[in-house]
Amino acid sequence: MPLVKASHAKEPSVGTLVAAVRETLDEYQANDIVCLDIAGRTAFADFMVIASGRSRMHVGALRDHLLRRLKELGAGRVQVEGGTRCDWVLIDGGGVWVNLFHPEIREFYNLEKLWSSEAPTD
């Protein structure tokens, strides 16, 4: 039996991931999509995308669509937190973190203000 080398697909670029996330969220009607460039402010990601679903069920559906899309792109180390209640779902897509919120939870945590360029860096 001949040896077959496993192909090592190249991970998609951060730009490709951000574009795919935004496109998917837009396609599935996420609300208030915000993309923050956090490169240089943290070591865990270059971009943070924040969006809201209309209900917990919608947040869960957005999560599922995003996970499917990231897998199709070949994003290797995608991890999910908070997927059981779907109040707040965090998807770690490597260089892109996606926060999906139920609207009231998003308002409470206000990540846009926390991670905005005007926020203190010290």
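Here is a yes/no grid of residues against (1) of a type in the set (Ser, Thr, Tyr); (2) in a helix (DSSP H, G or I); (3) at pLDDT 95 or above; (4) open to solvent by 40 Å² or more (accessible area, probe 1.4 Å):
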| position | (1), (2), (3), (4) |
| --- | --- |
| 49 | no, no, yes, no |
| 64 | no, yes, yes, yes |
| 71 | no, yes, no, yes |
| 83 | no, no, no, no |
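Need the failing condition index for residue 84 against (1) of a type in the set (Ser, Thr, Tyr); (2) farther than 17 Å from residue 28 by Cα; (3) under 13 Å from the mean Cα position of the chain (by Cα), just the number.
(3)
Just give me the residues in region 7-19 being buried (at least 19 other Cβ atoms within 10 Å of the Cβ) and in a helix (DSSP H, G or I), in sequence order.
If the condition is that a residue be buried (at least 19 other Cβ atoms within 10 Å of the Cβ) and in a helix (DSSP H, G or I), then 17, 18 are the ones that fit.
Being open to solvent by 20 Å² or more (accessible area, probe 1.4 Å), in contact (Cβ under 8 Å) with a residue 40 or more places away in the chain and of a type in the set (Lys, Arg) is the requirement here; does residue 56 meet it?
The answer is yes for residue 56.
Kindly list, by first and then second residue, each pair from a residue in region 12-35 that is touching a residue at least 12 places away in the same chain (Cβ under 8 Å) to a residue that is exposed (fewer than 13 other Cβ atoms within 10 Å of the Cβ) and part of a helix (DSSP H, G or I), limited to pairs with Cβ atoms under 8 Å and residues at least 6 apart or on different chains.
Hits for this filter: 33/26.
Going through region 51-62 one residue at a time, which ones are in contact with a His (Cβ under 9 Å, 6 or more places away or on another chain) and in a strand (DSSP E or B)?
52
Could you list, in sequence order, the residues of region 20-41 that are open to solvent by 60 Å² or more (accessible area, probe 1.4 Å) and modelled with pLDDT of 95 or more?
Within region 20-41, 22, 23, 26, 27, 28, 29, 32 qualify.
The values are calculated or read from the model by the stated rules, or taken from the named source; none is laboratory data. Small disclaimer: the values here were computed from a predicted structure and weren't measured. Methodologically, a virtual Cβ is constructed for each residue, glycine included, from the backbone with ideal geometry; neighbour enumeration extends over all protein chains shown. The protein model used for the area step is the full one, side chains on, heavy atoms only, and it has no ligands, DNA or RNA in it. Shrake-Rupley method; radii C 1.70, N 1.55, O 1.52, S 1.80 Å.
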